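Take a look at the structure below.
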Amino acid sequence: MRNMLKYFSVFILMASLLLSNLAYAQQENKTTPAPQGKISNLKLTDTDFGLGPKNAKVVIVEYASLTCGHCSEFHTLVLPQLRKEFVDTGKVRYVYRDFPLDRLSLGAAMVARCAGKDNFFGFIDTFYRVQSQWAEATDPISALNKLARLGGMDQNTFDRCLTNKNIQDAILSRRLEAVKEFDVRSTPTVFINGDKYSGGMPLVQFQKIIRDRLSK
């Protein structure tokens, strides 16, 4: 009886692995969606918050909102692997652009900018990773403040940041540009060498699109 249970357990394990591999293969072979549009000039500048070499063959530009749940999923489940495989290896340039959907996401974007270019992505990554802890808090600004202080930002800098009209106007101006010139309507929206895609695609589809661009 004990041997039968042992063999049955092994059978279940092997069957589970087979099904997992089959599901992965089906996902891997799934046809990537066609671009939703094409932008020839995304107006990249030195003021952009980016990672990776500026002369990279492939450039990814993401528009996202810090209170957007789908953006959080993209930043926690998909983007880390893309950064590891393509950005950190110098193959791809990644640019992040704010597209705030509400006042709270605008405030969080302002705080991340006040952290400075060296700390910007550390703040962004943290805000997305623990999004529910601050965005859904009873007092979200206070919760955001605690995260900023953990990141090394003092109280005076935080308070001044949230009333900095120049930073606010810069974010809102870029958002308006995205709507009028690049037809960005939702978040996350991702451009890969100017081709427009929804950020809701699975990792394997992003990988296939990027690898295709790199091979050309």
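FYI, it's all coordinate maths here, none of it is from the lab. These numbers come from a predicted model, not from an experiment. FYI the Cβ positions are ideal-geometry reconstructions off the backbone, even for glycines, and counts take in every protein chain you see.
For residue 84 and residue 149 in the same chain, what is the full-extension length gain: residue separation times 0.36 nm, less their Cα-Cα distance, in nm?
Numbers: separation 65, 0.36 × 65 = 23.40 nm, distance 2.76 nm.
This chain segment gains 20.6 nm when fully extended.
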Treat each spin label as a single point 7 Å out from the Cα along the C-beta direction, and report the residue 204 to residue 40 distance in nm. 3.6
What is the helix-to-structure angle for 2-29, meaning the angle in degrees between its Cα long axis and the longest Cα principal axis of the chain, kept from 0 to 90 and rounded to the nearest 10? 50
For the chain: span of alpha carbons on each principal axis (Å, largest first): 72, 44, 29
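Just how large is the dipole of region 62-172 about the Cα centre, in debye to the nearest 20, putting +1 at every Lys and Arg Cβ and -1 at every Asp and Glu Cβ? Walk me through the intermediate numbers first.
Values: 13 positive and 13 negative charges, 54 e Å.
Around 260 debye, computed over region 62-172.
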Which residues in region 58-93 have a backbone N closer than 20 Å to a point placed 7 Å from the Cα of residue 172 along the Cα-to-Cβ line? 64-68
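Dipole of region 114-154, Cα-centred, from +1 at each Lys and Arg C-beta and -1 at each Asp and Glu C-beta, to the nearest 20 debye? Numbers along the way, then the final one.
Numbers: 4 positive and 5 negative charges, 13 e Å.
The calculated dipole for region 114-154 is roughly 60 debye.
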Taking springs between alpha-carbon atoms closer than 10 angstrom, which of 195, 139, 98 fluctuates most in the Gaussian network model of the chain? 139
Compute the helix-to-body angle for 203-215: its Cα long axis versus the longest principal axis of the chain, expressed 0 to 90° and rounded to tens. 80
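Net charge around residue 68, counting only other residues with Cβ within less than 12 Å of its Cβ (Lys, Arg = +1; Asp, Glu = -1)? Please list the in-between numbers first.
Numbers: positive: none; negative: 62, 73, 98, 102.
Net charge in that neighbourhood comes out at -4.
May I ask which of 38/180; 84/216; 43/180 have a Cα-Cα span longer than 19 Å here?
Beyond 19 Å: 84/216.
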Given charges of +1 on the Cβ of Lys and Arg and -1 on the Cβ of Asp and Glu, with all other atoms neutral, how large is the dipole of the chain about its Cα centre, in debye to the nearest 20? 600
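Starting from the exponent 0.38 and prefactor 2.2 Å, build the expected Rg for region 88-208 from its residue count and divide its actual Cα Rg by it. It would help to have the intermediate numbers written out before the result.
Details: Rg = 15.5 Å, N = 121, 2.2 N^0.38 = 13.6 Å.
Relative to the 2.2 N^0.38 Å estimate, region 88-208 comes out at 1.14.
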Longest principal axis of the chain (C-alpha) makes with the long axis of helix 165-182 (C-alpha) an angle, in degrees to the nearest 10, of 60
Just to verify a number: FRET efficiency for residue 57 and residue 32, C-beta to C-beta distance, R0 = 22 Å, to 0.05? 0.75
Quickly estimate the mean residue ellipticity at 222 nm for the chain, helices only: each DSSP H run with n ≥ 4 gives -39500 (n - 2.57), and the total goes over all residues, rounded to 500. -16500 deg cm²/dmol
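Projected area of region 167-216, taken from the Cα convex hull and averaged over every viewing direction, in nm²? All intermediate terms of the calculation are to be shown ahead of the outcome.
On the way: hull surface 17.3 nm².
So the mean shadow area of the Cα hull is 4.3 nm².
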